[in-house]
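For reference, the structure discussed in these notes is given below.
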Amino acid sequence: MLVKINSAALQGLDGYLIEIEIDAQRGLPGQSIVGLPDAAVKESRDRVRAALENSGYEHPAGYFTINLAPADTKKEGPLFDLPIAIGMLAVSEQIKIQQEHDYFALGELSLDGGVRNVTGVLPICISLWQKGFKAVLVPRANADEAALVEGLKVFPINSLKEAVEFLGAKREIMPHRIDIAKLFQQEQEFGCDFADVKGQGQVKRGLEVAAAGGHNVLLVGSPGSGKTMLARRLPTILPPLSLAEALEVTKLYSINGMLSGRKALVTKRPFRSPHHTTSDVGIIGGGRIPRPGEVSLAHLGVLFLDEFPEFERKVLEVLRQPLEDGHVTISRAHSTLTYPAQFMLVAAMNPCPCGNYLDPVKTCGCSPALVQRYWGKMSGPLLDRIDLHIEVPRLKQDELTNQAEGEASAKIKERVMAARRVQQRRFAGSGVYCNAQMRPRQVREYCILENEAQKLLKAAILHLQLSGRSYDRILKLARTIADLDSSEIIKAHHVAEATQYRNLDRERR
C-alpha cells in the first residue's frame with residue numbers, strides 16, 4: 001500500500017513542496033528513508049516510533065520505504081516528523097485521512113507525541129500559499145508566524161493525536177488568526193532617545209543625514225566620547241517598517257529560529273551588534289547548513305560594529321560585497337543561496353590603540369607607526385564604501401554638567417521622514433528606496449548641482465584626490481542634505497557639508 005503526505009522544506013528564502021511517499025511491504029520490520037536525508041531526518045524513524053506508541057497507536061509491522069520527493073534535493077531538519085507519523089498510521093490503515101491533499105504539515109515530534117516548533121515556517125508558508133495550498137498544520141508555537149500569511153488557513157497542533165483526529169474529522173480545530181495591525185502597535189518603544197545625549201550637535205546632524213539617505217557611517221573618537229550611545233539611538237529616527245518590509249525581515253529571523261511565541265512579526269528595524277570576535281561566516285552567513293549571517297539579520301536596519309579595527313581583516317573585507325550589492329550569495333556544492341543584506345553600516349572606533357590620539361586632554365602614547373598599523377587594518381576600498389566619517393569629540397565640562405535635554409528623536413525623525421518621502425516619490429517604481437542606493441544613471445539624473453556647487457566639488461576632487469567611489473558618495477550625500485533642506489538643486493553649502501563628512505579622504509591624501 002502506498003500513501004502520500006504533503007510537507008515542505010526550505011531553500012534559501014523560499015519554501016518548496018516535499019511529497020512524502022510511504023510504501024508498506026511484507027518482510028522483516030524496518031524502515032529506510034531515501035531522498036537525500038541528513039542525520040536529523042534519518043533520526044526521525046526513532047522519534048516517530050516512540051511518538052506513535054506513546055500516543056496510543058501501534059507502530060506498524062513490516063518494511064517501510066519513506067521517500068522524500070524530489071529525491072535530488074538534500075533534506076535537512078526534523079520538520080518532517082509529523083507528516084511521516086501521519087503517513088505511517090495511514091499506510092497501516094490505523095486511521096483514514098479524508099483531506100490529506102488539501103493540507104501540508106510541518107512539525108518535530110517529541111517522544112511523548114507532542115509537536116515541537118520548527119524553523120523557517122513563515123517563508124515556507126508564504127511560498128506554498130503562492131503555489132496554491134490553502135491550509136497548513138503547524139506546531140502551536142509556530143502558529144502566529146504562519147498566520148501572517150493572509151488567506152492561508154493555519155491549524156495549530158499540540159500533539160500527534162490531535163493532528164490525526166483532526167485529519168480524520170474526529171476533532172474540530174478553528175483556524176488560527178492574528179491581528180497584524182495590533183502587532184505593529186506593540187513594541188514601538190525603543191527605551192532610548194537622542195534627548196539623552198548631551199552636546200555632540202555635529203555628530204547628531206551627521207546621523208540625521210545618514211538616516212535620511214540610508215548612508216553608512218564611521219564614528220571615530222576617544223573612549224567615553226559617546227560613540228556607542230549615539231549609534232544605539234540611530235534606530236529611533238529611522239522610518240518605521242512597512243508590512244512588506246516587516247515580513248521580509250521576519251522571514252530571515254524565522255529561518256534562524258529567532259522568533260519566539262510572543263514575537264511573531266519583527267515590527268522594528270533590526271539593530272545588530274555582533275562582538276568583534278565574530279567569524280566571517282557569522283557575519284556573512286553560511287555554515288554546514290547555510291543560514292543568514294549578521295549582515296542579513298540587519299537587513300533594512302542597522303549593523304553596528306563597535307571596535308571596528310578589532311575585527312579580523314578577512315571579516316571586514318567580506319563586508320565589501322554586501323555593502324555594494326545589497327545581498328549575499330552563498331555557494332555550496334549542491335546549491336547556491338542568496339539572502340538580502342540592505343543595511344546601514346555604523347562602525348565605531350578609537351583613533352589609535354590607546355584611544356587618545358585626538359583627545360585634547362589626555363596624551364597619546366602610540367608611535368606614528370603603531371597608529372598607521374592600526375588604521376591599516378581597514379582597507380581603502382572598505383573605507384570608500386562608508387559615506388560619512390564623523391569625529392566624535394570629548395565632551396567639554398559645561399556640556400557634561402548641562403541639565404538641559406537635547407533634541408528629541410521624534411523631532412529629528414520628522415525631518416528624516418520628510419526627506420524619505422521626497423526620495424520615495426523620486427524613485428517610485430525603480431526598486432531604489434533611498435539616496436544611498438542610487439545607481440550611476442540616477443546619480444546623473446537627480447544630482448543636479450548649481451554652478452557654485454560644481455566649482456566647489458571640482459576643488460574638493462583636486463585637493464582631496466578623491467577616488468571615483470568617493471566622488472559618487474559625496475554626490476549622494478549632497479543629494480540627501482538637499483532633501484533635508486527641501487531643495488531640488490544641490491547648492492554649494494550642501495556640497496560643503498557633504499565634503500566635511502569625508503574626513504578620512506583628507507587624512508589619506
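The values are calculated or read from the model by the stated rules, or taken from the named source; none is laboratory data. Remember, it's a predicted structure, so these values are computed and weren't measured experimentally. Here Cβ is always computed from backbone atoms with ideal geometry, including for glycine, and neighbour counts include all displayed protein chains. Please note that ligands, DNA and RNA were not included when accessible areas were found on the heavy atoms of the full protein model with its side chains. Shrake-Rupley method; radii C 1.70, N 1.55, O 1.52, S 1.80 Å.
Overview of results
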{"read-out": "Gyration tensor (alpha-carbon) shape descriptor, the stretch 350-423, a/c threshold 1.5", "value": "oblate"}
{"read-out": "With DNA, RNA and ligands ignored, accessible area of ILE178 (1.4 Å probe; Å², nearest 10)", "value": "40"}
{"read-out": "Sites matching trypsin sites (Lys or Arg not before Pro) across the stretch 266-320 that sit in DSSP coil, with at most 14 neighbouring C-beta atoms within 10 Å", "value": "ARG288"}
{"read-out": "Modelled FRET efficiency - R0 45 Å, MET174 with SER467, Cβ distances, 0.05 increments", "value": "0.15"}
{"read-out": "Dipole of the chain, positive direction: furthest Cα of ALA482, ALA8, LEU464, with charges on the beta-carbon", "value": "LEU464"}
{"read-out": "Magnitude of the charge dipole, the stretch 311-409, Cβ model with Lys/Arg +1 and Asp/Glu -1, debye to 20", "value": "600"}
{"read-out": "Relative contact order [Cα under 8 Å, 6+ residues apart], the chain, whole percent", "value": "13"}
{"read-out": "Using alpha-carbon coordinates, inclination of helix 468-484 to the longest axis of the chain, degrees", "value": "90"}
{"read-out": "Rg/Rh for the stretch 271-328, where both radii come from Cα atoms and Rh is the Kirkwood radius", "value": "0.92"}
{"read-out": "Distance histogram in 5 Å bins (all Cα pairs of the stretch 1-106, percent per bin)", "value": "2, 13, 25, 27, 20, 10, 3, 1, 0"}
{"read-out": "Straight-distance crosslink candidates among aspartates and glutamates, where the alpha carbon sits under 13 Å from LYS153 and sequence neighbours closer than 8 are dropped", "value": "ASP102, ASP144, GLU145"}
{"read-out": "Calculated FRET efficiency for the pair LEU111/LEU2, C-beta based, R₀ 30 Å, to 0.05", "value": "0.60"}
{"read-out": "Order of exposure, largest accessible area first, which applies to GLU324, GLU108 with probe 1.4 Å", "value": "GLU324, GLU108"}
{"read-out": "The stretch 132-191: chymotrypsin sites (Phe, Trp or Tyr not before Pro) in DSSP loop, at most 15 other beta carbons within 10 Å", "value": "PHE190"}
{"read-out": "Using alpha-carbon coordinates, inclination of helix 121-130 to the longest axis of the chain, degrees", "value": "80"}
{"read-out": "Interatomic Cα distance distribution for the stretch 370-509, bins of 10 angstrom, percent", "value": "10, 34, 31, 20, 4, 0"}
{"read-out": "Label point distance in nm, GLU93-GLN321, each placed 7 Å from Cα along Cα→Cβ", "value": "5.6"}
{"read-out": "Projected label distance in nm at LYS314 and SER32, using a 7 Å step from Cα toward the beta-carbon", "value": "4.1"}
{"read-out": "The stretch 92-204 - Rg (one decimal) and Dmax (whole number), Cα, Å", "value": "20.3, 75"}
{"read-out": "Listed pairs LYS182/LYS411; LYS198/LYS362; LYS227/LYS377; LYS198/LYS411; LYS377/LYS458 exceeding 27 Å between Cα atoms", "value": "LYS377/LYS458"}
{"read-out": "The stretch 151-239: GluC sites (Glu not before Pro) in DSSP coil with no more than 12 other Cβ atoms inside 10 Å", "value": "GLU172, GLU189"}
{"read-out": "Over the chain: Kirkwood hydrodynamic radius from C-alpha pairwise inverse distances, Å", "value": "25.7"}
{"read-out": "ALA428-ASN402 pseudo-label distance in nm [points 7 Å out on the Cα-to-Cβ vector]", "value": "4.2"}
{"read-out": "Degrees, to the nearest 10: 81-91 long Cα axis against longest axis of the chain", "value": "20"}
{"read-out": "Share of pairwise Cα separations in the stretch 186-427, more than 27 Å, in percent", "value": "39"}
{"read-out": "Euclidean distance of C-alpha centroids, the stretch 437-509 and the stretch 302-327, integer Å", "value": "24"}
{"read-out": "Beta bridges by DSSP in the stretch 186-427, antiparallel share as percent, to the nearest 5", "value": "35"}
{"read-out": "C-alpha center-to-center spacing [the stretch 150-194, the stretch 35-77] in angstrom", "value": "27"}
{"read-out": "Extension gain from ALA244 to THR278, taking 0.36 nm per residue of separation minus the Cα-Cα distance", "value": "9.2 nm"}
{"read-out": "The chain - charge dipole about Cα centre, Lys and Arg +1 at Cβ, Asp and Glu -1, debye rounded to 20", "value": "1140"}
{"read-out": "Positive-end residue of LEU247, PRO351, ALA369, charge dipole of the stretch 186-427 with Cβ unit charges", "value": "LEU247"}
{"read-out": "Nearest-20 debye value, the stretch 22-129 charge dipole, Cβ charges on Lys, Arg, Asp, Glu", "value": "120"}
{"read-out": "Dipole of the stretch 362-503, positive end: most advanced residue of SER409, SER379, ALA419 [Cβ charges, Cα centre]", "value": "SER379"}
{"read-out": "Computed FRET value (nearest 0.05) for GLU488 with ALA369, which takes r as the C-beta separation and R₀ as 56 Å", "value": "0.70"}
{"read-out": "Chain lengthening between ALA459 and LYS411 when straightened (0.36 nm per residue, less Cα-Cα)", "value": "13.8 nm"}
